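We did not get these values from a lab; they are worked out from the coordinates using the rules stated. The shown structure was predicted, so the numbers you read here are calculated from the model rather than taken from an experiment. Ideal geometry is used to build each Cβ from the backbone, glycine not excepted, and the neighbour counts take in all protein chains shown.
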Amino acid sequence: MAKIGVVLSGCGVYDGSEIHESVLTLYFLDKLGATTVIMAPNIYQAHVINHLTGDVSKDEKRNVLIESARIARGNIKDIKEIRAADLDALIFPGGFGAAKNLCTFAFDGTNCKVNDDVARLAKDVYNLGKPIGAICITPVMIAKIFGEVTPVELTIGADKESANAIDTMGGRHISCTATNIVIDSKNRIVSTPAYMLPASIKEIGGGIDKLVNTVLEMVRK
């Protein structure tokens, strides 16, 4: 049975993990018989967003690991504890938390920094030849991690600004619809745009379903 790491970045699209994308990832992994290892960094969020109004909650602090535990129903680990040797693949659901908490792309653009433990685990998984899945905004982080070494093929859909950022950081952006995926077979990296596009939950579900299936096919090869 494949053991797949799923990296979360909080709980809620504007300051953490996108909940639909996270739950669909977990659902399709379970449906296909994989075991999930859900994880998040034990750090404070960049900020807290009121998801009703879109305002920043100035006096509130939340921990990424604790907030991610809401999605994981408590079954979650600190990413510091996870080693690539214990996993068969790694998947990153999207949400602005990935661009704010897992890395600083939301604030620093192509000059962003990636959380040390996130970068360490992604590099170790890659170096062991194990596949990585990147959903929504997370391909920009993958480009930052690997772009200086190899031009990974990635997608965030069709947004020109984010696509240019991927190219600037050394990746190669390929336009894609929400129901489809981009497969970099050489580097064993799969990506799908999800809510980077104005899509329905059914449409993003189609893309995530394909991503999960492809990652698991790569695990078996």
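Mean sequence separation of contacting Cα pairs (under 8 Å, at least six apart), scaled by the length of segment 70-154, corresponds to a relative contact order of 35 percent. For segment 118-194, the relative contact order is 34 percent, taking Cα pairs closer than 8 Å that sit 6 or more residues apart in sequence and dividing their mean separation by the residue count. Quick one: Cα centre-to-centre distance for segment 1-18 and segment 78-93, in angstrom? So the two Cα centres are separated by 12 Å. In terms of packing, defined here as the mean over residues of other Cβ atoms within 10 angstrom, the peptides 74-83, 17-26, 53-62 line up highest first as 17-26, 74-83, 53-62.
Taking the Cα centre of each part, how many Å lie between segment 150-193 and segment 204-221? A separation of 16 Å, based on Cα centres. If you sort the three axes of the alpha carbon gyration tensor as a ≥ b ≥ c, you get a/c under 1.5 for the chain, which makes it rounded.
For a Förster distance of 35 Å, can you work out the FRET efficiency between the beta-carbons of ASP78 and THR168, rounded to the nearest 0.05? Computed FRET efficiency for ASP78 and THR168: 0.65.
Take the Cβ atoms of ALA85 and ASN213, set R0 to 25 Å, and the FRET efficiency comes out at 0.55.
Legend: helices of the chain (whole DSSP H runs) are marked when their alpha-carbon atoms reach 20 angstrom or more along the helix axis and their mean Kyte-Doolittle hydropathy is at least -0.5; marked are 201-220. Here the contact order of the chain, divided by its residue count and restricted to Cα pairs under 8 Å and six or more residues apart, works out to 19 percent.
Distance between the pseudo-spin-label points of LYS123 and VAL56 (7 Å out from Cα toward the beta carbon): 3.0 nm. Each Lys and Arg contributes +1 and each Asp and Glu -1, all at the Cβ; summed about the Cα centre of the chain, the dipole is approximately 500 debye.
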